[in-house]
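Peer 1: Have a look at this one before I ask anything.
The values are calculated or read from the model by the stated rules, or taken from the named source; none is laboratory data. Remember, predicted model here, so these are calculated numbers, not experimental data. Glycine gets a Cβ as well: all are built from the backbone with ideal geometry, and neighbour counts include every protein chain shown. In case anyone asks, the SASA skips ligands and DNA or RNA and just uses the protein heavy atoms, side chains included. Shrake-Rupley method; radii C 1.70, N 1.55, O 1.52, S 1.80 Å.
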Amino acid sequence: MRWQPLYFGSLWANQYSDVMKRQHLPDARGVLQAPPEVGGEYEIPPDFELEVRLERTAMNLLESACNALEQVRLNRPLVHNITNYVVMNFTANALLAVGASPVMAHAREEVEDMVRLAGALIINIGTLSTPWIESMFKAGRAAAASSVPIVLDPVGSGATRFRTETARRMLEELPVSVVRGNASEIISLGGAAGGARGVDSIHSADDARAAAEHLARSSSVVVAVTGVEDLVTDGVRTVRIGNGHALMGRVTGTGCAASALCAAFCAVERDPFTAVTGALLTFGIAGELAAAPGPRPGTFQVLLLDALDEIDRALLTRHARIGV
Amino acid sequence: MRWQPLYFGSLWANQYSDVMKRQHLPDARGVLQAPPEVGGEYEIPPDFELEVRLERTAMNLLESACNALEQVRLNRPLVHNITNYVVMNFTANALLAVGASPVMAHAREEVEDMVRLAGALIINIGTLSTPWIESMFKAGRAAAASSVPIVLDPVGSGATRFRTETARRMLEELPVSVVRGNASEIISLGGAAGGARGVDSIHSADDARAAAEHLARSSSVVVAVTGVEDLVTDGVRTVRIGNGHALMGRVTGTGCAASALCAAFCAVERDPFTAVTGALLTFGIAGELAAAPGPRPGTFQVLLLDALDEIDRALLTRHARIGV
Amino acid sequence: MRWQPLYFGSLWANQYSDVMKRQHLPDARGVLQAPPEVGGEYEIPPDFELEVRLERTAMNLLESACNALEQVRLNRPLVHNITNYVVMNFTANALLAVGASPVMAHAREEVEDMVRLAGALIINIGTLSTPWIESMFKAGRAAAASSVPIVLDPVGSGATRFRTETARRMLEELPVSVVRGNASEIISLGGAAGGARGVDSIHSADDARAAAEHLARSSSVVVAVTGVEDLVTDGVRTVRIGNGHALMGRVTGTGCAASALCAAFCAVERDPFTAVTGALLTFGIAGELAAAPGPRPGTFQVLLLDALDEIDRALLTRHARIGV
């Protein structure tokens, strides 16, 4: 599968094509040298018409991502989290840093009341247990009744049958809008017999593309696979996001925080595909900003929260890397 | 309601009045310009006698706050926390940083044993569930039997009936010494039909003053309302604390940490009104110290713990802002 | 009990003896002055033969510790944590920082599946409750069946009967490889009637030596007592580790993280005595590295994770302090 970049920070994809076509010739290996302000090298687009259409998609997505981020800041959507014990603090702080308002509540006595106040519900199965499953379904049904979008983070799906089956049942019984997982988790839900190793992925996002597109179509959800590159698909449209940093895999809860951001963006942007793309661009670029000083993992975790506070339209536009 | 400052860091309120009366005249709008080392402008005290009495109160409170902080450092009181999952780590670290010794235990099999070892009990309903409620009441009754002071943090009271009713029942059935909440939470307990939005307040401390004073009298508790300004009342005495920083609202668990500090101070200072004033002065000034380098929220959370370790009599005295 | 140093960072113990014997004479008090690159002063070894044997032990242990650390980095062992709510995030990040792969799962429906995927199981009773105890035993029995080593952290044993009895029952019914606790916790399990105050120790590691050795022999486990100095014993061999820093007692969860590191090292090193010594050397030296800039507790917690990422063979060899 070819990674076709459509947008590289601060230079629009269509300008970029123009610039490249004007200034650069294919080299001996048949690839275009990117201009110095972009870096790297890329194949010549085989289909100019398609290229232009996709460039427009990338431009629109980025513009919508910027708008959604600004709406989060403006509206401070309440995000109801039913999530795992490990990441609760970091998730709440990530949501606060980006501008949303987190609440955590899991008692069956109150989840319905709480979710009705919320702009989105995130269900994360990272430290699952039977009483919590009951509450997750209760909250999910109440969310559905109130048209509150639901994001599912199937942490560790594929690692144990308990998690895989619970995640599958949620996809069947609840009108989930978005599923965000790593490659192993998505393969366990949408692919052939997969496999996982604890909660960390043993697959790349590319491995998961077919599974993600299948899952998106069969369950009518937007699927996001995060990893070295992220992939977002609704089964028809698929985009890739080239932002992020390896240090994000060295801090617990970055995937869970990405899911929580998806929920915050879904609370302010009706199209989940657009919302998720915006959330993952925001999170990936925040990761790059946090990694810029070359920190080790402890410091990186702190700087990641700072970057979620700092990020804005200008930083999104300068650093976004969207492709197909 | 008028914010009447009584003490501005390092300048005693009565000296301040003298300084102002000597050096400043009311301006065209009928207000006094504060001397440059204080800043701001204030109305002329309408009642000099009352003023002097209140100044003495402020001086006494600050002196007692300093003493209580030093007692916490000296005695390392064990604070038994039954609190919410989101903030457990940060609360424990805040208590350790200020000099106390935290313990978290919630099993009905052991809460009674644990609370008997403790200097204070903090009950926080942030991620409430039925089994935990049973343990909270068990711990509360054992605390009462052993004269261990109880601090209640009614997180999210007003947002769901489950939380509001649980908090009310605790106030009825347990000899709670202190309730610390944001304005919405306090209004839900002591006021007319209030309202909340998740766990973040939609009211100011001023809105909550009547509710707080009513709650204090009807439940015989000291009530603390924290926000841009903090308010502490026992129903007869009411003081305001002007310390703190907006970044405290951008980090999860700062309110919960403030409640935990109230418990630590109650463990070493018999008068809960004095203890709470001391705890909130300490926490608010720590927030200001942490915010001084202009950090973003991730870094601020770290520096807040550092500041709780650093704060001492001199810093309290220099920065305290007490008023009525 | 004499603290007989065998190895002082970057200078082998036997070289050190040579250096001392060549260059230094006992002073008036009958002690040897250490050479300047070592510092301090030490008694003349009373038994040269024993000394040489012990030096070899220290050298072997350090070499094995370095190898184990490198194996953790290379193999990224999956560590299954059933631990307390307070420290889950910090423990997961400590394991990630040192190079291992953490997973947290506690549901009785899945603990057996999860532990079979793991290289080691850590059971930590810090926020114990009845349903979790059931899962801990289930996971422990499945670990035993799959020869997955079990590390027990008896947090707060001695403080309440519930904790003491649960920890004792685990030692009786599960083939635990390692117990890591503070002095009070170990005394409560292996000694005469002890006592604790919450979850913080009121005893020194020296007080706990007899209890630790007795516990190691009676339960066939390796016992680690951490404190100002750490002690590791299998009932026959006992070593002390002189690394660490006082700030580690000012951050919650450092003991729990040390236990989790013991589990990670047990996953790659078959001899638990060697694994635990390696883990505690690594953790203690990481603490020293983190404390070097003179941070306060909030910053220290962040730097401790950074140091766990940074530490390697060279740093271990330079800073290790092993003695008997």
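Peer 1: When you look at C:LEU289, is it over 23 Å from C:ASN81 (Cβ atoms), away from chain B (no Cβ under 14 Å) and out of contact with any Asp or Glu (no Cβ under 8 Å at 6 or more places or on another chain), yes or no?
Peer 2: No.
Peer 1: Still on this structure: Pairs needed: first member in the stretch C:275-287, farther than 9 Å from C:ILE241 by Cβ; second member anywhere, of a type in the set (Ser, Thr, Tyr) and open to solvent by less than 10 Å² (accessible area, probe 1.4 Å); C-beta distance under 9 Å; at least 6 residues apart or different chains.
Peer 2: C:ALA279/C:SER259
Peer 1: Given the conditions (1) more than 24 Å from B:THR57 (Cβ to Cβ); (2) under 15 Å from the mean Cα position of the chain (by Cα), which single one is not true for B:GLY287?
Peer 2: Condition (1) is where B:GLY287 drops out.
Peer 1: Here's a check for you: in the stretch A:57-66, which residue that is surrounded by fewer than 21 Cβ atoms within 10 Å (Cβ to Cβ) and in contact with a helix residue (DSSP H, G or I) (Cβ under 8 Å, 6 or more places away or on another chain) is farthest from A:ASP271 (Cα to Cα)?
Peer 2: Only one residue fits best here, namely A:MET59.
Peer 1: Then there's this: Please work out if B:SER259 is out of contact with any Leu (no Cβ under 6 Å at 6 or more places or on another chain), more than 17 Å from B:ARG321 (Cβ to Cβ) and without any contact (Cβ under 8 Å) to a residue 60 or more places away in the chain.
Peer 2: The answer is no for B:SER259.
Conditions (1) part of a helix (DSSP H, G or I); (2) on the phi > 0 side of the Ramachandran plot; (3) surrounded by fewer than 24 Cβ atoms within 10 Å (Cβ to Cβ), marked per residue:
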residue	(1), (2), (3)
C:ASP207	no, no, yes
C:LEU215	yes, no, no
C:VAL232	no, no, no
C:ALA263	yes, no, no
C:VAL276	yes, no, no
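Peer 1: Say we look at the stretch B:227-250 and pick out the residues that are out of contact with any strand residue (DSSP E or B) (no Cβ under 7 Å at 6 or more places or on another chain) and basic (Lys, Arg); which of these is modelled with the highest pLDDT?
Peer 2: So the residue we want is B:ARG250.
Peer 1: With respect to B:VAL324, determine if the residue is out of contact with any Ser or Thr (no Cβ under 8 Å at 6 or more places or on another chain) and in contact (Cβ under 8 Å) with a residue 12 or more places away in the chain.
Peer 2: Here the answer is no, as B:VAL324 does not meet what is asked.
Peer 1: Pull out all pairs, ordered by first then second residue, where Cβ-Cβ is under 7 Å, the residues are six or more apart or on different chains, the first lies in the stretch B:306-319 and is open to solvent by 20 Å² or more (accessible area, probe 1.4 Å), and the second is at pLDDT 95 or above and of a type in the set (Asp, Glu).
Peer 2: What qualifies is B:ARG313/B:GLU70; B:HIS319/B:GLU288.
Peer 1: Please specify each residue of the stretch A:235-259 satisfying the condition of being within 14 Å of A:VAL223 (Cβ to Cβ) and surrounded by fewer than 20 Cβ atoms within 10 Å (Cβ to Cβ).
Peer 2: Within the stretch A:235-259, A:GLY235, A:VAL236, A:ARG237, A:THR238 meet the criteria.
Peer 1: Tally up the residues in the stretch A:85-120 that are of a type in the set (Phe, Trp, Tyr) and either under 18 Å from the mean Cα position of the chain (by Cα) or open to solvent by less than 10 Å² (accessible area, probe 1.4 Å) (or both), please.
Peer 2: The number of residues fulfilling the criteria is 1.
Peer 1: Give the residue, chosen from C:GLY294, C:GLY298, that is open to solvent by 40 Å² or more (accessible area, probe 1.4 Å), within 13 Å of chain B (Cβ to nearest Cβ) and without any contact (Cβ under 8 Å) to a residue 24 or more places away in the chain.
Peer 2: C:GLY294
Peer 1: Among (1) touching a Gly at 6+ places or on another chain (Cβ under 7 Å); (2) more than 10 Å from every other protein chain (Cβ to nearest Cβ), which single condition is B:ASP271 missing?
Peer 2: Condition not satisfied by B:ASP271: (1).
Peer 1: Only residues that are small (Gly, Ala, Ser) and outside any loop (DSSP other than H, G, I, E, B): list them for the stretch C:306-324, please.
Peer 2: C:ALA307, C:ALA314, C:GLY323, listed by residue number.
Peer 1: Return the only residue of C:ALA144, C:ALA139 being within 23 Å of the chain's Cα centre (by Cα) and buried (at least 22 other Cβ atoms within 10 Å of the Cβ).
Peer 2: Answer to the selection: C:ALA139.
Peer 1: While we're here: Which is among the aliphatic types (A, V, I, L, M) and out of contact with any strand residue (DSSP E or B) (no Cβ under 6 Å at 6 or more places or on another chain), of C:ALA224, C:ALA208, C:ALA275, C:ALA212?
Peer 2: Selected residue: C:ALA275, the only one of C:ALA224, C:ALA208, C:ALA275, C:ALA212 that is among the aliphatic types (A, V, I, L, M) and out of contact with any strand residue (DSSP E or B) (no Cβ under 6 Å at 6 or more places or on another chain).
Peer 1: Now, a different point. Name the residue, out of C:LEU280, C:LEU303, that is part of a helix (DSSP H, G or I), more than 14 Å from chain B (Cβ to nearest Cβ) and modelled with pLDDT of 95 or more.
Peer 2: After applying the criteria, what remains is C:LEU280.
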